[in-house]
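The structure appears below as structure tokens.
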Amino acid sequence: NNAYSLLADTNVNAVYVATPPGSHAEYAIAAIKMGKPVYIEKPMASSYWECRLIHEIACREGVDCFVAYYRRTLPYFNKIKSLIDDGAIGEVTDVEVNFVNPPYKTDLSKDTLTWRVKPDESGAGYFYDLASHQFDFMDYFFGPIIDAKGESKNVARLYDVEDTVDAEWVFE
């Protein structure tokens, strides 16, 4: 496999995993076991358990592992953070996020579906892949989530993963 040849190359000293999430754990763990720091595109892996496994192996091996949540360093989001922290917009007591992603043409036929809606490659649907940045912003702005509840559904049945997610959460 070309990916493993690349990982074994002594000229490669760090690895960026930007494949579909279904292979993130495989490549990240292989790189970590070779002692190479890893920067993984979001979402970190296709399941909570794979994320835990990557984290545990990185800790055990003493190798750095990062997930691509860089947007919180962008000036626009830092300005929002400072407005919140300074109380310039008052006390924030409630936040509503609406994430709407209408079906793409490729979603209308089983023959043209993208990896984002194939559970073996993505882990879940568009929400899982794309909404993680919104969760990272909220964690950055308001602190860790301490309670959450919700449900996901497949309403339109265009593909085998959820197309509707409703959730509520409480921040620290």
Task: For Ser23: the one exception among (1) in a helix (DSSP H, G or I); (2) closer than 23 Å to Tyr126 by Cβ; (3) open to solvent by 90 Å² or more (accessible area, probe 1.4 Å) - done: (3)
- [ ] Kindly establish whether Tyr104 is in contact with a strand residue (DSSP E or B) (Cβ under 6 Å, 6 or more places away or on another chain), closer than 22 Å to Asp120 by Cβ and free of Cβ contacts under 8 Å to residues at least 60 places away in the same chain.
- [x] no
Task: Top-ranked residue of region 1-20 - restricted to ones that are surrounded by 15 or more Cβ atoms within 10 Å (Cβ to Cβ) and hydrophobic (A, V, I, L, M, F, W, C), ranked as nearest to Asp136 (Cα to Cα) - done: Val17
TODO: Working only within region 152-163, note down all residues that are within 26 Å of Tyr140 (Cβ to Cβ) and either assigned to a strand (DSSP E or B) or open to solvent by 60 Å² or more (accessible area, probe 1.4 Å) (or both).
DONE: Ser152
Open item on the list: Quick test of your reading of the structure: Glu172 fulfils all but one of (1) at pLDDT below 90; (2) under 25 Å from Ser109 (Cα atoms); (3) open to solvent by 50 Å² or more (accessible area, probe 1.4 Å). Name the failing condition by number.
Closed with: (2)
Task: Top-ranked residue of region 98-134 - restricted to ones that are surrounded by 18 or more Cβ atoms within 10 Å (Cβ to Cβ) and of a type in the set (Ser, Thr, Tyr), ranked as farthest from Pro21 (Cα to Cα) - done: Tyr126
TODO: Please find, among Ser46, Ser23, the residue that is farther than 20 Å from Asp139 by Cβ, touching a His at 6+ places or on another chain (Cβ under 8 Å) and hydroxyl-bearing (Ser, Thr, Tyr).
DONE: Ser46
- [ ] Select from region 31-41 the residues that are surrounded by fewer than 21 Cβ atoms within 10 Å (Cβ to Cβ) and farther than 14 Å from Cys59 by Cα and list them in ascending order.
- [x] Tyr39, Glu41
- [ ] Would you check if there is a residue in region 43-51 being assigned to a helix (DSSP H, G or I) and surrounded by 15 or more Cβ atoms within 10 Å (Cβ to Cβ)?
- [x] yes
Task: Condition met for Arg60 (open to solvent by 70 Å² or more (accessible area, probe 1.4 Å), in a helix (DSSP H, G or I) and within 30 Å of Asn154 (Cβ to Cβ)) - done: no
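The values are calculated or read from the model by the stated rules, or taken from the named source; none is laboratory data. A quick note: this is a predicted structure, and the numbers were derived from the prediction, not measured. Note that we place each Cβ from the backbone using ideal geometry, even for glycine, and neighbour counts take in every protein chain shown. Accessible surface areas use protein heavy atoms only, side chains included; no ligands, DNA or RNA. Shrake-Rupley method; radii C 1.70, N 1.55, O 1.52, S 1.80 Å.
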